[in-house]
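Below you'll find the structure, written out as structure tokens, and then a few comments.
The values are calculated or read from the model by the stated rules, or taken from the named source; none is laboratory data. Because the structure is predicted, anything quoted here is derived from the model rather than measured. Here the Cβ positions follow ideal geometry from the backbone for every residue, glycine too, while neighbour counts run over all protein chains shown.
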Amino acid sequence: MIRSLGLNETDRLVRDSVMSSIADVPDAGLVSSNRSADAFRALAEIGVLAAPLPEELGGMGEGLGAAALVLEPLGQRALVTPHVESICVPAAIAEFYPSVPSLRGALVSAAQAEPGAVLAWMEPGCGWTRQPSLTMVERSGAEWILRGRKTLVRWGDVVGGFIVTALADAEPTLFWVPRDCEGLEMSVYHSADERSLVDLEFHDLHLPPESRISDGDASVVIDYALDAGAALSLAEAVGLMDRALEMTIDYLKTREQFGVSLSKMQALQHRLVEMYATTECAWSLVHEAVCSLSREVPEIQRQSTVSRAKAYVGRMGRLVGQEALQLHGAIGMTKEYPLGRYLQRLTAIELDYGDSEWHLNRLAGNCR
């Protein structure tokens, strides 16, 4: 995907622009908490955040896979941004509803690093279940009344609105809910990898008729959007893995034991080779998963491809981070050294959009 897997000239220009734009960002360590936000704004200024959007919204028109060109370099620098949540996932939904004004406006804003929208889909006590069961809407005259709760809404405190999954007449649907809507209660907290998280409670929210995004059952749309989030977050993960391996190799070259560089010791070389092979396998699986993000790909094929990549990269990405930390020794545990941020982010990505076990179960179910 990013290495020697056939980037065209446009892809190379996008990737090179991203890498050049974030080249001077400080390493992840005890640095300003604004490093990721500053980098995100810098990418917006050169227009690459809009890569997965259609041309009429300022994008490249090359589909969701183009976002991987942005996310892999972000992973290399351990820059935690709302790119997947506020651009990629809404863009996947917009493929089904391209003319909805709220979606179009949110995508244009997000691509300019301004408040956009995120999908609110997880419900308390429901695990990784993708379809809504506790959040419901019902008609009241010309309006819709929304009741229920959502949890672990990523970046919910920096957006202008939410795309909420809810049951309407027993069918999964999508609704647009402005952040300042009366009756919406928000609780903000943070994850270990710097992201803000929000729990939402809907207390009889009155929504106008045009708030309904989907027309009929939106379960296929929800699943497609969450698969897009899962696959594209893995593009960031392989960037993290690649950089963690590179840092470990460089570190072992500088350390000596018994007058010999640690990088010359065969046992450590074998561990580095295992990390390298794991990372290369991850690259291949992620490339396949990203290429499956198209409505032309059969649903079961896309699900299986994404789940296979997520199950592998989720677990093995965290393992590569742990191996890197162990080979570094004590310095890897310090806040001043950036490696810890890489492991934090890899651990968080494993838990995004369904953990490894959930995706293994889905993959097994599709193979029956």
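Odds and ends about this structure:
- When A92, A166 are checked against the criterion of being part of a helix (DSSP H, G or I) and either without any contact (Cβ under 8 Å) to a residue 60 or more places away in the chain or under 26 Å from E62 (Cβ atoms) (or both), a single residue qualifies: A92.
- Unmet requirement for G105, which otherwise passes all of (1) among the small types (G, A, S); (2) surrounded by fewer than 24 Cβ atoms within 10 Å (Cβ to Cβ); (3) in contact (Cβ under 8 Å) with a residue 24 or more places away in the chain: (3)
- Residues (surrounded by 14 or more Cβ atoms within 10 Å (Cβ to Cβ) and hydroxyl-bearing (S, T, Y)) located in segment 134-144: T135
- Residue in segment 329-344 that is of a type in the set (F, W, Y), buried (at least 22 other Cβ atoms within 10 Å of the Cβ) and not in a helix (DSSP H, G or I) present: no
- Residue match in segment 120-140 (condition: closer than 30 Å to E55 by Cβ and of a type in the set (A, V, I, L, M)): yes
- Criterion (over 30 Å from A324 (Cα atoms) and not assigned by TED's automatic domain parsing to the domain that holds A106) met by exactly one of A228, A142, A192: A142
- When segment 2-16 is limited to residues that are at pLDDT 60 or above and charged (D, E, K, R), the one that is surrounded by the fewest Cβ atoms within 10 Å (Cβ to Cβ) turns out to be E9.
- Positions within segment 232-275 being under 28 Å from E288 (Cβ atoms) and among the β-branched types (V, I, T), in sequence order: V238, T248, I249, V273
- One residue stands out in segment 288-325 among those that are surrounded by fewer than 24 Cβ atoms within 10 Å (Cβ to Cβ) and of a type in the set (S, T, Y): the one that is nearest to T248 (Cα to Cα), namely Y312.
- Near pairs, Cβ below 7 angstrom, 6+ apart or cross-chain, from segment 172-186 (not assigned by TED's automatic domain parsing to the domain that holds V198 and assigned to a strand (DSSP E or B)) to any residue that is β-branched (V, I, T) and modelled with pLDDT of 95 or more: none
- Taken over segment 202-261, the residue count meeting the criterion of being polar (S, T, N, Q) and surrounded by 15 or more Cβ atoms within 10 Å (Cβ to Cβ) is 5.
- For segment 286-325, filtered to residues that are charged (D, E, K, R) and in a helix (DSSP H, G or I), the residue that is farthest from E236 (Cα to Cα) is E299.
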